[in-house]
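The values are calculated or read from the model by the stated rules, or taken from the named source; none is laboratory data. Computed from a prediction, not measured in an experiment: that's the story for all the values here. A quick note on method: Cβ atoms are made from the backbone with ideal geometry, for glycine too, and the neighbour counts reach across all protein chains shown. Note: areas computed on protein heavy atoms with side chains; ligands, DNA, RNA excluded. Shrake-Rupley method; radii C 1.70, N 1.55, O 1.52, S 1.80 Å.
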Amino acid sequence: MAVSTITRKLLNALKHSRTQRRLYEDPRFHDPHLLKDIGLRWEQGQLVSIHGVEEQSQRNQRNQRHQAETRDAHEKCPHCGSSLA
């Protein structure tokens with residue numbers, strides 16, 4: 001009788017542990033404030049970034065524009081604007 005009680009308690013503890021782990025890992029059950037703190041939100045049933053995801057092409061364009069501005073800054077005199085080359 002004592003063995004069956006211990007076994008039942010052990011099984012209940014394992015079920016409880018599994019349920020708690022599943023609730024912790026599933027973002028659907030997280031508090032909206034917690035999700036906001038880590039930069040996420042629910043939108044139409046999907047978890048998305050608050051800051052948005054930048055497309056690769058937009059990132060490349062921004063990097064190219066920055067490189068061109070930097071190159072122009074090094075090729076022109078900062079005082080008069082004449083070409084240094």
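Side notes on the structure shown:
- Cβ pairs under 9 Å, 6+ apart, first in segment 1-28 and open to solvent by 100 Å² or more (accessible area, probe 1.4 Å), second at pLDDT below 90: Arg22/Phe29; Tyr24/His30; Arg28/Trp42; Arg28/Leu47
- Glu54 vs. criteria modelled with pLDDT under 80 and open to solvent by 80 Å² or more (accessible area, probe 1.4 Å): no
- Screening Arg41, Arg62 for residues that are charged (D, E, K, R), at pLDDT 70 or above, open to solvent by 80 Å² or more (accessible area, probe 1.4 Å) and outside any helix (DSSP H, G or I) leaves exactly one candidate, Arg41.
- Being at pLDDT below 70, in a loop (DSSP other than H, G, I, E, B), more than 30 Å from the chain's Cα centre (by Cα) and on the phi < 0 side of the Ramachandran plot is a property that Ala85 has.
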